[in-house]
Amino acid sequence: MNVVLDSQPAEPGRENEDFAAAAPGGAVLLDGAGVAGAETGCVHGIAWFSSTLGGLLLGAITAQPARPLAACLADSIRAVRSLHEDTCDLTYRASPTSTVLAVRATTGTLEYLVLGDSTVLLADTDGKTAALTDQRLDDVGQRLRGPVDALPTGSPQHAAALAEYRDALTGLRNRPGGFWIAGPDPQAAEHAVTGSVPLGSLTSVTLLSDGATRFVDSFELATWQEMLRLLASAGPAELIRRVRESEAGDSEGRRWPRGKAHDDATVLHWVLP
Ligand SMILES: [Zn+2]
């Protein structure tokens, strides 16, 4: 299995809340989230949540190749819950959550699961790409975030508007009409976007957190095809370096309005034979 992977925290020395890993025939990527400044009720933290859930999920999809990815995710959410429900208060509104991507190659088929705003990028033998994302968080976000984007990133007004936006967003988490994300409740797994494509038509499968996809979908500095060419020639670390370089040139978010000047960025690029 030909996989290259890099993951960098938003700032050097800070905890990385993204997690990605691969095992023969499968891979996962998770982007952990909380509510900025809010008490999580969890003594372990967001990075623990995303890495523990990711490790269990990778094990589950590998050990039980016939079990649907969404069922494996529900099992894994339940398992993480049992690991900390005695020590932590999981009823907190800002309890740790995470996006989830999972892909698995079985006989002739690639199965995928997407929950939250991380992206699976499929490249096919005709040179076409398909970015599989879960639009719901984005849709809800667009509805709510107008006032935030009008203000310079880093200003007190921006911070206040952002806090209000995040609070409103948290209120729509794991609710009909809102968006779905992995947290304490295994039910979220039922709302994941899932599907499968013929494996023979694919040349690569790439998993990306939104800290990395911003190079294409927000900054528009490359197309998906150009990004894949960069990954093939220079690898994930170079893509993340270019993201950081672009962010540094727009630290106030005037050119590219965004919640965080920098975000944890993760890329797992799986080249198929
Ligand atoms: Zn905990």
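Quick notes
- Residue list for the range 36-59, filter: in a loop (DSSP other than H, G, I, E, B), within 16 Å of the ligand (Cβ to nearest atom) and surrounded by fewer than 20 Cβ atoms within 10 Å (Cβ to Cβ): Ala38, Glu39, Gly41, Val43, His44, Gly45
- Flag if Thr87 is buried (at least 17 other Cβ atoms within 10 Å of the Cβ), outside any helix (DSSP H, G or I) and not basic (Lys, Arg): no
- The range 62-79, residues that are closer than 14 Å to Leu115 by Cβ, part of a helix (DSSP H, G or I) and either among the hydrophobic types (A, V, I, L, M, F, W, C) or open to solvent by 40 Å² or more (accessible area, probe 1.4 Å) (or both): Leu69, Ala70, Ala71, Cys72, Leu73, Ala74, Ile77
- Any hit, the range 102-112, residues being within 12 Å of the ligand (Cβ to nearest atom), buried (at least 20 other Cβ atoms within 10 Å of the Cβ) and either at positive phi or in contact (Cβ under 8 Å) with a residue 40 or more places away in the chain (or both): no
- Selection over the range 60-75 of residues that are hydrophobic (A, V, I, L, M, F, W, C) and either within 12 Å of the ligand (Cβ to nearest atom) or closer than 13 Å to Ala23 by Cβ (or both) gives a count of 4.
- Within the range 202-223, the set of residues being within 10 Å of Ala123 (Cβ to Cβ) and surrounded by fewer than 21 Cβ atoms within 10 Å (Cβ to Cβ) comprises Leu202, Thr203, Ser204.
The values are calculated or read from the model by the stated rules, or taken from the named source; none is laboratory data. In this text, all values refer to a predicted model and were calculated from it rather than measured experimentally. Because the Cβ atoms are built from the backbone with ideal geometry, glycine has one as well, and the counts that use them run over all protein chains shown. In case anyone asks, the SASA skips ligands and DNA or RNA and just uses the protein heavy atoms, side chains included. Shrake-Rupley method; radii C 1.70, N 1.55, O 1.52, S 1.80 Å.
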